[in-house]
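Supplied in structure tokens, the structure appears directly below.
The values are calculated or read from the model by the stated rules, or taken from the named source; none is laboratory data. All values reported here derive from a predicted model rather than from experimental measurement. A quick note on method: Cβ atoms are made from the backbone with ideal geometry, for glycine too, and the neighbour counts reach across all protein chains shown.
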Amino acid sequence: MSSAERRGAPRISRHFMLRYRRAGSAAHDWGLSPIQDLSPTGVRFIAEKPFALGSQLELSLQLPMSEEPIHLMGVVVWQRLSEHQSMAEHGVNFLKIQADVSQALNEAVKVFAQRRDTGGSHEAT
């Protein structure tokens, strides 16, 4: 069974930009990556360096319908190293989502899932 088939929450494949760093890292340690997919409960993205399973990350995500970036904490629940192990794809579950952030995530997933289902324009994955 693929990871897509095990997902409990709907996901959208949009290339919103995600800033990320290990929780507590220095202010200049932010990485930047387009996300691979997003759900109300987590995100999948490729990082320049692998994070260990269980690592807590600070995340900052700019959604088109939000004026300000959304700030979240997440935990790495899976990773897949690149062939040369210089980059890694990560699955991150969000931790302690505030009500307003949860609402923004749910709205974004709903809006972009409807666009996909109705044949609206969407980015290539």
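Return the pair list, or none, for Cβ contacts closer than 6 Å from residues in the range 68-90 that are among the small types (Gly, Ala, Ser) to residues that are assigned to a strand (DSSP E or B) and loosely packed, with under 12 Cβ neighbours inside 10 Å, at least 6 apart or on different chains.
Pairs found: Ala88/Leu81.
Within the range 52-64, count every residue that is under 25 Å from Glu107 (Cβ atoms) and either in contact with an Asp or Glu (Cβ under 8 Å, 6 or more places away or on another chain) or assigned to a strand (DSSP E or B) (or both).
5
Residue under question is Phe51, and the condition is that it be crowded, with 18+ Cβ neighbours inside 10 Å and closer than 20 Å to Phe112 by Cα; does it hold?
no
Can you pull out the residues in the range 65-86 that are surrounded by fewer than 16 Cβ atoms within 10 Å (Cβ to Cβ) and either in a strand (DSSP E or B) or of a type in the set (Ser, Thr, Tyr) (or both)?
Correct list: Ser66, His71, Met73, Val77, Trp78, Arg80, Leu81, Ser82, Ser86.
Of the residues that sit in the range 35-51 and are of a type in the set (D, E, K, R) and in a strand (DSSP E or B), which one is modelled with the lowest pLDDT?
Within the range 35-51, the match that is modelled with the lowest pLDDT is Asp37.
Which residues, taken from the range 52-86, are among the hydrophobic types (A, V, I, L, M, F, W, C) and at pLDDT below 85?
Answer for the range 52-86, where residues must be among the hydrophobic types (A, V, I, L, M, F, W, C) and at pLDDT below 85: Leu63, Met65.
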